[in-house]
Amino acid sequence: MLAASDAVRNPAKPFVTTVSLNEYKGGKASDSSTLQAYSRAEPGGQFRTLLRFAAPARDANKLMLKTGNDLWFYDPASKASVRISPQQRLLGQAANGDVVTVNFAQTYQASLAQEEELQDGERQNRRAYKLQLEAKAPDVTYHAIEMWLDRENYRPIKARFLSESGRLLKTAFYRRFKEELGAVRPTEVVIIDGLDPALVTVMRYGEFQARDIPDSWFQRDYMARFQAE
């Protein structure tokens with residue numbers, strides 16, 4: 001079920017997409033960021049991702065690279081790449097590990113908790129399978145996840161992300177499903193803070209394109225030579 005849900009969220013072929021992040025506090029927009037994401041699945045199913053910051057201007061052409069469970073950040077001003085944590089906040093409620101392409105079935109052990117009805121991100125009632133996800137390694141973004149998948153097609157509906165102590169960090173709703181690269185995929189994720197529901201970040205995906213991505217783009221040493229198209 002989890003692998004099928006991964007296939008709904010992520011194209012199997014190499015692709016590029018635009019990721020827009022918008023932060024809201026009490027319903028009012030407070031900050032935003034736009035990134036270009038280049039992703040490719042490796043043998044075994046996990047993705048490598050190169051992210052180029054496009055906006056705001058102060059962040060333009062900064063890079064973030066995910067390879068394996070390693071995450072690297074490159075700032076052209078300092079010409080240095082440093083290792084960063086996937087748990088570190090990128091913007092609002094979105095962490096670094098939220099914007100890179102991830103197949104959960106590769107990094108979490110899933111078990112079926114129950115079948116239940118819940119409201120999706122469009123406030124429609126859905127019959128869903130609730131899965132319990134436990135991290136296979138300590139260096140992933142979240143220690144545990146509760147995820148609800150549509151019973152009919154395994155599309156992700158909702159997820160709750162938990163700390164090692166079991167504290168709710170954030171809740172996400174997957175919305176605005178559209179045909180993209182051969183499948184109907186969520187193009188918007190609404191992320192709600194686990195402590196203050198007035199803190200919301202909306203992550204939108206658009207401009208999907210299939211394309212060949214050179215292996216060199218996923219090498220840490222190449223980040224200083226990367227040129228935006």
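The values are calculated or read from the model by the stated rules, or taken from the named source; none is laboratory data. This is a predicted model, so every value here is computed, not measured. Cβ atoms come from the backbone with ideal geometry, glycine included; neighbour counts cover every protein chain shown. Calculation scope for accessible area: heavy atoms of the full protein, side chains included, ligands and nucleic acids excluded. Shrake-Rupley method; radii C 1.70, N 1.55, O 1.52, S 1.80 Å.
Annotations
- Semi-axis lengths (Å, descending) of the ellipsoid that matches the C-alpha gyration tensor of the stretch 8-66: 26, 15, 8
- Residues of the stretch 177-194 with amide N under 19 Å of a point placed 7 Å along Cα→Cβ from Leu168: 189-194
- In the elastic network of the chain, a GNM with C-alpha springs shorter than 10 Å, the most mobile of Asn22, Asn69, Asn153 is Asn153.
- Given +1 at the Cβ of Lys and Arg, -1 at the Cβ of Asp and Glu and no other charges, the dipole of the stretch 1-64 around its Cα centre is 100 debye to the nearest 20.
- Accessible solvent surface per residue of the stretch 54-108, calculated while the other protein chains remain in place, 1.4 angstrom probe, Å²: 43
- Spread of Cα-to-Cα distances over 10 Å intervals beginning at zero, given as percent, for the chain: 8, 33, 39, 17, 3, 0
- The stretch 145-229 - percent of accessible surface contributed by carbon and sulfur, probe 1.4 Å: 44
- Placed amide H near Phe177: partners under 5 Å, 5+ positions off or other chain: Thr187
- Backbone HN-Hα couplings from phi across the stretch 93-104 [Karplus 6.51/-1.76/1.60, Hz, Gly and Pro as x]: 8, 8, 8, 3, x, 7, 8, 7, 6, 9, 9, 4
- Under the combined filter of DSSP loop state and at most 11 neighbouring Cβ atoms within 10 Å, the stretch 68-167 retains these trypsin sites (Lys or Arg not before Pro): Lys79, Arg123, Lys136, Arg167.
- Relative contact order, whole percent, for the stretch 90-208 stands at 18, derived from Cα pairs under 8 Å and 6 or more residues apart.
- GNM flexibility winner over the chain from Arg176, Arg52, Arg185 (Cα, springs under 10 Å): Arg176
- Taking all Cα pairs closer than 8 Å and separated by 6 or more residues, the relative contact order of the chain comes to 22 percent.
- Distant-in-sequence amide H partners of Gly121 (H built 1.01 Å from N, under 5 Å): Tyr174
- Along principal axes, Cα extents of the stretch 61-168, largest first, whole Å: 51, 29, 25
- Taking the Kirkwood radius as Rh and the Cα radius of gyration as Rg, the stretch 126-229 has a ratio of Rg/Rh equal to 1.04.
- In this structure, the pairs whose alpha-carbon distance is over 19 Å, taken from Lys25/Lys158; Lys158/Lys178; Lys66/Lys170; Lys13/Lys178, are Lys25/Lys158; Lys66/Lys170.
- Within the stretch 1-109, all pairs of alpha-carbon atoms sorted by distance into 5 Å bins from zero give the percentages 2, 11, 20, 23, 20, 13, 8, 3, 0.
- For the stretch 52-131, size of Cβ-based charge dipole, Lys and Arg +1, Asp and Glu -1, in debye: 380
- Vicinal HN-Hα couplings computed from phi for the stretch 144-151 (Karplus, 6.51 cos²θ - 1.76 cosθ + 1.60; Hz; Gly/Pro x): 8, 9, 9, 10, 10, 10, 4, 5
- A simple spin-label model places the labels of Asn153 and Ala57 4.2 nm from each other, with each point 7 Å out along Cα-to-Cβ.
- Top of Gln46, Gln219, Gln124 by mean-square fluctuation, Gaussian network on the chain, Cα under 10 Å: Gln124
- Rounded to the nearest Hz, the phi-derived 3J(HN,Hα) couplings of the stretch 208-217 under the Karplus curve 6.51 cos²θ - 1.76 cosθ + 1.60 (θ = phi - 60°) are 5, 9, 7, 6, 6, 10, x, 4, 4, 5, where x marks glycine and proline.
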